[in-house]
Structures are given as C-alpha cells and as structure tokens.
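Undergrad: Could you have a look at this structure, given as structure tokens, before my questions?
The values are calculated or read from the model by the stated rules, or taken from the named source; none is laboratory data. What you are looking at is a predicted structure, and each value in this text was computed from that prediction instead of being measured. All Cβ positions, glycine included, derive from the backbone under ideal geometry; neighbour counts span all protein chains shown. Remember, those area values only see protein heavy atoms, side chains included, never the ligands or the DNA or RNA. Shrake-Rupley method; radii C 1.70, N 1.55, O 1.52, S 1.80 Å.
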Amino acid sequence: MSPDCPLRFDFVPSDDDVARNNGWGHGSLYVLGVPYWYANNNAQPEPIEWTWVDFLEYVAANWGALAFEQSYPFPWLNEAAHPGDVWNVAERRWARLGEDIADAEELAVLAFERRHNLASAWKGLSLPSLTLMRNGKMCWVYADGLPPLIVPFDECRRALVSICETLAQCFEGSSNSGVANAVDSWRNRGRNGKTEH
C-alpha cells in the first residue's frame, strides 16, 4: 500500500486462544504512512495490544454516520474550516449567546463528534483523536496534531471496511457474547437503511 494512502490499519489477533476469543490482538493505525495509533514511543512504535472488538462494535454502530452523514448538526457549524474546528466555532457562539443556548446545543455537537471521531471507539484506552467526515466523493480526515486532509472518500471507506472485515474474520465463532454481537453488528450494518460495502 502506498505511503500516501490516507489511512491504513494493521492487525494481528492474539496468539493466546482465550485472549483472541475475547477480542484481543495487536494493531496500529497509520495516517499517510506514518504511525498514528501505536504503543511504546515515536522512535520505536509498536502495535497496540488491546481488545479491538470495541473498535469493530463502534464502526458497526456508527456506519451510517461514517458512510453517509455529510452535514453538521446545526447550520451555524458550517463556519468550521474542517471537522476539527467544530468546537472552536461552538465555543465562540456560546460565549456570545450564553449558557442556555450552550446547554441546548452541546449534546448534539458532542454526539456528532462521537459518531465521527474514531478514537471514541476505545474503552479504557486513550488514543489521539481521528475525525472522519464525508463530503461528497471526498472525506475530511482530521488527526490531532496534523494538518487537516481532504482525501477520496472511497480510500477511507476501504480502509475501514478492510480492518473491520479482518477483525470480524479473526473473531468469528467467538464464545464471548460481546465479541459475537460485535461481529454480528458489523455483518448486519445498515440492514435497516442504506448499506455501503
């Protein structure tokens, strides 16, 4: 895969049968070929050993937003230069208009962020923010600390489908109900609405 590919995931399931049954493995995420989600340090990045089933569950649950949602929850958020700028725009608005408006709007902005920030997937693990938002045939990729990117949506979609298919195959047949449910959720994503493979 080319180093300028916007997103690339690597994943290897745990060698331990019990850990693999519970959704554990070793994985990394690269942005433009550079390690972005990893363990250890910048000089010697290593794959993250964790339960990756939470990531599979998250993508399945938020597939509709990640694949189809192309607008912000409020028209005034269109002032944002990119999805990573949403909170700056919101804070400026709320500073002008007061606490009541902030209270009425904050939950919708937070829900939007959680649907699009892949780092929201992880339970018990804090990883840098990575926000994806479709814009027609393109996709915003906002990685914390990096300049915002606008890249072909199909490349981002393929990266997500690839990692989720890998995870689902690795965890297929798990006797852990949470893992089995995450695999089923991925397999059945979009059944009640649009599906995009």
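Undergrad: Quick test for you: out of Ala61, Ala81, pick the one residue that is open to solvent by 40 Å² or more (accessible area, probe 1.4 Å), among the aliphatic types (A, V, I, L, M), under 26 Å from Lys123 (Cβ atoms) and out of contact with any Leu (no Cβ under 9 Å at 6 or more places or on another chain). It would help to see each step written out before you state the result.
TA: Numbers: Ala81 fails: under 26 Å from Lys123 (Cβ atoms).
Exactly one of Ala61, Ala81 is open to solvent by 40 Å² or more (accessible area, probe 1.4 Å), among the aliphatic types (A, V, I, L, M), under 26 Å from Lys123 (Cβ atoms) and out of contact with any Leu (no Cβ under 9 Å at 6 or more places or on another chain), namely Ala61.
Undergrad: Give the residue that is farthest from Thr166 (Cα to Cα), with candidates limited to residues of segment 64-78 that are open to solvent by 70 Å² or more (accessible area, probe 1.4 Å) and more than 18 Å from the chain's Cα centre (by Cα).
TA: Checking each candidate, the answer is Pro75.
Undergrad: May I ask you to list the residues in segment 12-28 that are among the hydroxyl-bearing types (Ser, Thr, Tyr) and either in contact (Cβ under 8 Å) with a residue 40 or more places away in the chain or under 11 Å from Thr51 (Cβ atoms) (or both)?
TA: To start, the set of residues in segment 12-28 that are among the hydroxyl-bearing types (Ser, Thr, Tyr) comprises 14, 28.
Once the filter is applied, which keeps residues that are among the hydroxyl-bearing types (Ser, Thr, Tyr) and either in contact (Cβ under 8 Å) with a residue 40 or more places away in the chain or under 11 Å from Thr51 (Cβ atoms) (or both), segment 12-28 yields only Ser14.
Undergrad: Can you find even one residue in segment 93-106 that is touching a residue at least 40 places away in the same chain (Cβ under 8 Å) and assigned to a helix (DSSP H, G or I)? Break it down into steps so the answer makes sense when it comes.
TA: Going through segment 93-106, the residues touching a residue at least 40 places away in the same chain (Cβ under 8 Å) turn out to be none.
Checked segment 93-106: no residue is touching a residue at least 40 places away in the same chain (Cβ under 8 Å) and assigned to a helix (DSSP H, G or I).
Undergrad: Right, next: Quick one: in segment 20-58, of everything that is in contact with a Lys or Arg (Cβ under 9 Å, 6 or more places away or on another chain) and assigned to a strand (DSSP E or B), which residue is surrounded by the most Cβ atoms within 10 Å (Cβ to Cβ)?
TA: Checked segment 20-58; the qualifying residue surrounded by the most Cβ atoms within 10 Å (Cβ to Cβ) is Leu29.
Undergrad: If I go through segment 135-190 residue by residue, how many of them are assigned to a loop (DSSP other than H, G, I, E, B), of a type outside the set (D, E, K, R) and over 22 Å from Asn22 (Cβ atoms)?
TA: From segment 135-190, those assigned to a loop (DSSP other than H, G, I, E, B) are 136-137, 144-148, 172-176, 188-190; that's our starting set.
Then keep just the ones that are of a type outside the set (D, E, K, R); that gives 136, 145-148, 173-176, 188, 190.
Still in the list and also over 22 Å from Asn22 (Cβ atoms): 136, 145-148, 190.
Looking only at that region, the number is 6.
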